[in-house]
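A.B. asks: Before I ask anything, here is the structure I am working with.
The values are calculated or read from the model by the stated rules, or taken from the named source; none is laboratory data. It should be emphasised that the depicted structure is a prediction, and the values quoted were computed from it without experimental measurement. In this analysis, Cβ positions are derived from the backbone assuming ideal geometry, glycine residues included, and neighbour counts consider all displayed protein chains. With ligands, DNA and RNA removed, areas are computed over all heavy atoms of the protein, side chains included. Shrake-Rupley method; radii C 1.70, N 1.55, O 1.52, S 1.80 Å.
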Amino acid sequence: MSLWKVVVSSGLVLVLVLHFSTLPTKAGPGKASKDQEFKYKLDPSWPKNQSIFTGQVYCVGVDDKNGDIYVGQRGTDGQPVIVFGTTGELKRVFKNDSSPISKIHGMRMHHNETDQSSRIWLTDLGDDLSGHTVKRFSPTGKLELVLGTPNQAGTALKPNYQFDQVADLAISDNGEVYVVDGDGGLNNRLLKLDKDFHLKWHIGSIGNLSSQFHIPHSVELDSFGRVWVADRMNGRIQAFDVDNGTFLGQWTSCFQDGQPYSVRLSADKSHFVVAQLNQDKILLIEAPQKSGDIGDCNVKGQIEVTKGSKPHLVAVSQSEGAIYAAELGSHTCQKFVPVNAGCMLYCNQLILSSGMIALMVNW
């Protein structure tokens, strides 16, 4: 097998598949392996209405139970959240008059299995009356809960939380919340809150030692009791024990050429999806399949978007396996779907449509 690359830009859609025979090579730290690559291709039909984006697109969240894709933008039309279907149709929008959001940054969907309800969580970086907070909304955009002290950047953890440029969050199946705070402000920390939002533990200060951060930008949970943090300015991903925040290891070799902006697990839990904004690519990094030592960083594929697209944060559909990438530079959100390995070897195809251009090369 061989590594597939995807290059995406605006204009017409061109999907070109080329195949060159190569010998498998052994994977190494920070290198692209040739023996078990993860492959995706652009869905050029998603979303159907690109013109609805009026500013930089920062984040995206997937509600698999209801087939909704929530996209967060800092636009000029007072619509910070736009909701699409899985096939790209526009469903609804959140308006700022009923959904007070200053500067949207991170997003996470959470589905409660007990009452079968879905909720959207956002982080708000703004300096106005609604900023420096984590917020929970109903699927229609009704504000239900605010964590943090609006318009008050700070470091306090009691009696009320104070965040500063709070970046992202992850939510466990039982409702525990993990918050990375912040995106260039006073704080460089990871917090764990219980399901009632009481503080369980927190770690972090500015620095490059273990358990320190320099802009903790994104956070993810795995099924082996670990919480992963994209430590952006330090050019690494760190892993910690979910129970007590104990440092478990770090990856640096994958990020010699660019900082990690996002960390999300694939639907099958086999790899992490890590955006590198300034390199205009998304790395697909093998995820450890057991508890304990996280081993070396092993890149198993990548998606290259066109220069200047600047992929920021991503989300993964658990039902489709698709990756949705929010892009600051191109002012859009793009969808990449998993490709069947067998078809990729034999189904060379040329697809023309309108919207974007994607060049896929198998070499």
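A.B. asks: Using the heavy atoms of the protein chains alone and a 1.4 angstrom probe, what is the accessible area of the range 59-191 per residue in square angstrom?
C.D. replies: Roughly 38 Å² per residue, with all protein chains present.
A.B. asks: Here's something else I'd like to know. What list of ³J(HN,Hα) couplings, whole Hz, do you get for the range 208-220 from phi and the Karplus terms 6.51, -1.76, 1.60, once you set θ to phi - 60° and write x for glycine and proline?
C.D. replies: These are the phi-based 3J(HN,Hα) values: 10, 7, 4, 6, 9, 9, 9, 6, x, 9, 7, 9, 8 Hz.
A.B. asks: A follow-up question, please. If you roll a 1.4 Å probe over the range 135-230 with all protein chains in place, what percent of the accessible area is carbon or sulfur?
C.D. replies: 49
A.B. asks: Counting only C-alpha contacts under 8 Å and six or more residues apart, can you give the relative contact order of the range 292-337 as a whole percent?
C.D. replies: In percent, rounded to a whole number, it is 28.
A.B. asks: Follow-up question, since we're still on this one. For the range 321-336 and the range 184-247, what is the separation of their Cα centres, given in Å?
C.D. replies: Value for the Cα centre distance between the two parts: 25 Å.
A.B. asks: Accessible area per residue, 1.4 Å probe, Å², for the range 238-340: what's the number?
C.D. replies: Computed with neighbouring chains in place, this is 33 Å² per residue.
A.B. asks: Give me the percent relative contact order of the range 27-160, please, defined on Cα pairs under 8 angstrom at least 6 residues apart.
C.D. replies: Relative contact order of the range 27-160: 15 percent.
A.B. asks: With an 8 Å cut-off on Cα pairs and a minimum separation of 6 or more residues, tell me the relative contact order of the range 189-274 in percent.
C.D. replies: Averaging sequence separation for qualifying contacts and normalising by length gives 20 percent for the range 189-274.
A.B. asks: Related question: In terms of Cα to Cα distance under 13 Å, which aspartates and glutamates are near enough to LYS300, apart from those fewer than 8 places away along the same chain?
C.D. replies: Reachable aspartates and glutamates: ASP35, GLU37, GLU286.
A.B. asks: Using a 10 Å cut-off on Cβ atoms, rank the peptides 55-61, 205-211 from the highest mean neighbour count down.
C.D. replies: Highest-to-lowest ranking by the protection proxy: 55-61, 205-211.
A.B. asks: Hey, which of these cross-link pairs are over 22 Å Cα-Cα: LYS39/LYS310; LYS142/LYS310; LYS135/LYS269; LYS269/LYS310; LYS95/LYS195?
C.D. replies: Over 22 Å Cα-Cα: LYS142/LYS310; LYS135/LYS269; LYS269/LYS310; LYS95/LYS195.
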